[in-house]
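Since the structure comes first, as structure tokens, the remarks are kept for the end.
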Amino acid sequence: LHVICDGRKNVLELLGLGQGTMALQVTKNSLFSNPTTSVLVVSAVVSRAIGLEWASTLCFGSLTCFCCYVGTYLVRVVAKPRVVCNEKMQTFVKERLTVLKEDFWPTWWCYPSFPMTVMRAAMQRVPDRAYHYEREILRLHDGGQVALDWNHTAADETALPTVELPSDSERSITVVLPGITGNSKENYVGTFISTAISLGYRTVVFNNRGQGGVKLLT
């Protein structure tokens, strides 16, 4: 292991390694900008300094990384949801959604957003009923247009056993807003809609201008 902390200083001797060892060059900036690399390097230096063999060094480094991961999860990830809107709307929402007063605990082994998206797509198939849409084109005052995709799947067809369903006339409507380049066919949108239907909601997806197969006019 060949570590260069400032572009010049060689700490090979500090680690007690011989020639022919795989080299890992870490500049001063990258050492401190990448927490994982920092933990591995510091663990290697400490373990070698106290005389641990490489098998023990790997175990020590892995344990240190795991502890840092769990610590980051508990300190920086687990938190109450943040409502971003004006004060009047915040009060309105928080009074009616008591869940916002509780800590949100994401899946601990896959809490970053991108890995979570990939794992969900790989592990869970979206039911076809989520994509049974009836399209409504909404004309805008500036000449543009957006598509509203309604899902009218009957709640009693897919309801969860513990959910008491309202009548069709009393079903609340959930508006789904995809990402800026997303549309009603996105995998994550389908998953949300499938769950909402099972809970007794009607759903409508708001497709942004130029998305979902709608021509961009403005």
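Amide H of GLN145: which non-local residues (sequence gap of 5 or more, or other chain) have their own amide H closer than 5 Å, using H built in the peptide plane?
Sorted by chain and number, the residues that satisfy this are LEU140, LEU217, THR218.
Quick one: order TYR188, TYR131 from most to least accessible surface, probe 1.4 Å. Provide the component values of the computation, followed by the final result.
Numbers: TYR188 105, TYR131 55 Å².
I get TYR188, TYR131, largest accessible area first.
Amide H of VAL176: which non-local residues (sequence gap of 5 or more, or other chain) have their own amide H closer than 5 Å, using H built in the peptide plane?
Amide H neighbours of VAL176, under 5 Å, 5+ apart: VAL204, VAL205, PHE206.
Output wanted: per-residue J couplings in Hz (rounded whole) for segment 61-75, from phi through Karplus 6.51 cos²θ - 1.76 cosθ + 1.60, θ = phi - 60°, x for Gly and Pro.
Running phi through 6.51 cos²θ - 1.76 cosθ + 1.60 with θ = phi - 60° gives x, 5, 5, 5, 4, 4, 5, 5, 4, 5, x, 4, 4, 6, 8 Hz.
The values are calculated or read from the model by the stated rules, or taken from the named source; none is laboratory data. Here the structure is a predicted model, which means the values were calculated and not measured. Accessible surface areas use protein heavy atoms only, side chains included; no ligands, DNA or RNA. Shrake-Rupley method; radii C 1.70, N 1.55, O 1.52, S 1.80 Å.
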